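Worksheet: the structure to be examined is printed underneath.
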Amino acid sequence: MSKDLIIKFVTGRCVLFALSVILSVAALFLVVPATRAAVVQYGGYFFALSTTMLFLAWLAVAFLREHFSGSWKIASISLACAATVIGSYVIFVHADFGYKIAMDDYVLANTARNMHEDRQVLTDVNLLLDHAGKQVAANTVIDKRLWLYPLYVSILHDCLGYSVFNSFLLNGILGGLLFLLAYAFGCLLSGAPAGFLTVLLFAGLPLVSQIASGGGMELLGLVLLIVVMLGAIAYLKQPSRLGEGVLVLATVLLAYTRYELALFIAPVALIVLLGWLRSGQIQLSWATILAPLLLVAYGLHILDYLSQPSAWELTRGAETAFSWQYLITNFSHALAFFFAWDGDLANSPMLSVCGLIGLVAFPLVFKYRVAGQRFLDFRPVDLCLIVFAPFLILQFVLILGFHASRLDSPFVSRYSLLFYWLLTLSSVVLMTHFARQFKSVWCYAIISSTCFVLFYTMSVNANPPYSRENFVVNEDRWLGAFADEVAPSALWIDRYLLTHTMREESSLGLNACLRSSDSILGLVDDGVYEEIVYVERLLLNGQAYVPESLQARAMRDRFQMEILAERSFRPYHLTRICRLVSLRGSVDE
């Protein structure tokens with residue numbers, strides 16, 4: 001191809017990329033709010049699915065054409081499998097599979113159910129029976145959370161049939177994949193010893209066991225981040241349009257996982273520019289041209305989210321979602337979390353100490369590591385580290401600046417996962433530096449990590465703090481088990497409706513029940529429901545338990561109830577399951 005044709009070809013792609021950006025920006029700012037919600041609801045599934053399919057197609061072609069070679073030896077595959085099995089055993093041998101974060105996990109599960117049944121990004125708040133006896137959604141919302149994780153759960157529903165366990169199955173698969181990728185990254189840093197150390201350090205973090213056995217989206221975000229970083233290394237090693245396409249599409253998927261992960265579009269853009277400089281030409285793959293259009297649904301959802309102040313769910317006393325004051329306050333809570341040794345938090349004090357030492361020493365170690373090399377001649381893995389590390393720190397600072405990011409809370413600790421990945425890499429880089437002088441460092445590091453896993457991590461995983469203190473989830477498990485003892489077509493009256501929807505149970509809120517109290521028991525007489533079951537929550541007041549809210553008091557005043565079961569899940573609180581039997585009197589106006 002002549003020079004003129006090459007210039008014409010590249011210029012044409014640049015024009016198409018510019019046009020793609022313009023169309024995407026226009027869509028964000030010209031689409032009215034009502035249409036934004038419709039695009040997300042009806043198109044969000046297909047945006048994320050098409051991006052996934054394109055990524056898998058690009059990845060397959062890239063491996064077949066460029067990256068799959070005879071360098072994959074049986075020994076290296078065996079070591080990778082061994083590392084994956086070891087890491088998976090550590091996090092799953094005591095795993096308590098179940099929802100860990102009340103409401104967050106429930107919403108994701110309900111969204112996945114809708115994506116499975118209707119291909120819509122929608123969350124059913126509660127279900128009721130229609131005149132034909134069919135269960136239909138009575139209230140629906142488009143949740144603020146992004147939907148890549150629910151999409152993958154919905155695909156499992158498609159393949160295996162609907163089951164709440166599919167959320168945990170997906171995270172279990174991601175847990176094994178995490179250690180395979182971590183081993184690969186460690187090997188790129190300094191061979192098989194570094195790969196095994198990377199796996200042991202990360203498996204020694206109880207937080208990984210918590211997340212990998214739960215129903216949240218954090219693990220998917222970490223796995224995709226490592227995929228992006230490995231894609232960046234492969235691209236820098238051999239810059240090409242295929243490699244660039246894999247990298248860019250993986251980044252789009254990462255953005256669809258959590259809001260703040262779109263931050264990593266910036267380091268990927270830098271990696272692409274470095275690839276162009278290393279190859280001496282502008283590649284600009286078709287995936288890069290399509291990327292802005294693929295992100296339209298993400299952008300519309302973010303704009304819709306930012307326009308709703310209530311979506312931030314500000315805690316009591318918080319006036320804004322982000323603040324420098326929160327950063328200062330939350331930093332002290334972060335230190336308490338990272339360096340706690342009592343086993344009451346899902347942290348790894350050994351990784352915290354080694355990682356922070358490695359992070360502080362990182363500039364000096366890295367300077368020694370690349371001594372005498374031009375920037376563009378750095379090893380691809382070194383370029384990847386130097387580009388991504390500042391953004392991992394920035395992402396952690398952003399997290400600490402959020403009003404609800406006190407990491408020493410068992411339910412907030414999950415936000416530290418990506419920073420722990422940086423601490424792991426910092427530790428391995430530091431060991432790599434010492435191993436240049438003392439070859440036995442790898443042996444001592446691996447033995448020390450193994451001892452820590454055996455004598456600390458296994459103990460914490462066997463008695464997880466998040467299961468001991470997660471009163472809402474423990475209560476829901478009890479309700480779910482008791483559901484088998486009530487009529488299959490019972491109507492549940494409860495303050496929390498999402499869990500009933502997830503189990504495909506008809507449910508109604510307290511206010512709605514009180515508004516229709518004159519006729520609701522008639523639904524049993526008419527045969528619509530076999531019985532009406534009420535979940536009553538009470539607080540200890542002196543020597544007696546009293547309803548926890550005004551609505552709960554009104555329910556007791558209005559209905560005659562039969563107690564079916566009761567149990568306390570935390571001090572001074574009692575949960576009762578009651579059957580509504582008859583009316584007591586009129587509702588106070």
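The values are calculated or read from the model by the stated rules, or taken from the named source; none is laboratory data. The structure presented is a predicted model; accordingly, all values stated were derived computationally and were not measured. Positions of Cβ are generated from backbone atoms using ideal geometry, with glycine treated the same way; all protein chains shown enter the neighbour counts. To get the accessible areas, we keep the full protein, side chains included, count just its heavy atoms, and leave off ligands, DNA and RNA. Shrake-Rupley method; radii C 1.70, N 1.55, O 1.52, S 1.80 Å.
For this structure, a couple of remarks:
- Estimated purely from DSSP H runs of n ≥ 4, each contributing -39500 (n - 2.57), the mean residue ellipticity at 222 nm for the chain is -20000 deg cm²/dmol once divided by its residues.
- Estimated at the nearest 10 Å², the accessible area of R553 is 120 Å² with a 1.4 Å probe.
- Mean shadow area of the stretch 461-571, taken as a quarter of the surface of its Cα convex hull (nm²): 8.4 nm²
- The angle between the Cα long axis of helix 74-92 and the main principal axis of the chain comes to about 30°, on a 0 to 90 degree scale.
- Interchain or long-range residues, amide H under 5 Å from Q560's placed H: V581, S582, L583, R584
- The amide H of Y534, built 1.01 Å from its N in the peptide plane, has I493, C578, R579, L580 as neighbours under 5 Å, considering only residues 5 or more places off or on other chains.
- Here the Karplus curve 6.51 cos²θ - 1.76 cosθ + 1.60, taken at θ = phi - 60°, turns the phi angles of the stretch 39-52 into couplings of 4, 5, 5, 9, x, x, 4, 6, 4, 5, 5, 5, 5, 4 Hz, with x standing for Gly and Pro.
- Furthest towards positive pole of dipole, V31, L479, Y496, structure part the chain, Cβ charges: V31
- For the chain, with +1 on Lys and Arg beta carbons and -1 on Asp and Glu, the positive-most of L293, M555, L407 along the dipole: L293
- The charge dipole of the stretch 96-191, taken about its Cα centre with unit charges on the Cβ of Lys, Arg, Asp and Glu (plus for the first two, minus for the last two), comes to roughly 140 debye.
- Taking a ≥ b ≥ c as the square roots of the eigenvalues of the alpha carbon gyration tensor, the stretch 225-346 is oblate, as a/c is not under 1.5 and a/b does not beat b/c.
- Number of Lys-Lys pairs in the chain with C-alpha atoms under 24 Å apart and a separation of 8 or more places or on different chains: 4.
- Helix 324-338 and the longest principal axis of the Cα set of the chain meet at an angle near 90°.
- Working note: Karplus 6.51/-1.76/1.60 with θ = phi - 60° gives the stretch 183-188 the couplings 4, 4, 5, x, 4, 5 Hz, where Gly and Pro are set to x.
- The stretch 307-424, dipole about Cα centre (Lys/Arg Cβ +1, Asp/Glu Cβ -1), debye to the nearest 20: 380 debye
- Scaling against 2.2 N^0.38 Å puts the C-alpha radius of gyration of the stretch 484-549 at 1.24.
- Charge dipole (debye, nearest 20) of the chain; +1 at Cβ of Lys and Arg, -1 at Cβ of Asp and Glu: 2640 debye
- Put simply, the amide H of S506, placed in the peptide plane, has neighbours under 5 Å in W492, leaving out anything fewer than 5 places away on its chain.
- Each of the peptides 253-259, 53-59, 433-439, 502-508 was scored by the mean count of other Cβ atoms within 10 Å over its residues; in descending order, highest first, they stand as 253-259, 502-508, 53-59, 433-439.
- What the phi angles of the stretch 401-410 give under the Karplus curve with 6.51, -1.76 and 1.60, with θ = phi - 60°, is a coupling list of x, 7, 5, 10, 10, 8, 5, 7, 8, x Hz, glycine and proline written as x.
- Solvent-accessible area per residue in the chain equals 44 Å², computed with a 1.4 angstrom probe and all protein chains kept.
- Convex hull volume of the stretch 80-153 per residue (C-alpha atoms, cubic angstrom): 140 Å³
- The stretch 546-575 and the stretch 180-199 have their alpha-carbon centroids 54 Å apart.
- [x] 26.9, 112; [y] 26.0, 85; [z] 26.5, 91, with the label sought being that of the calculated Rg and Dmax of the Cα atoms in Å: [z]
- Farthest positive-ward along the chain dipole, Cα basis, beta-carbon charges - from H116, C513, V15: V15
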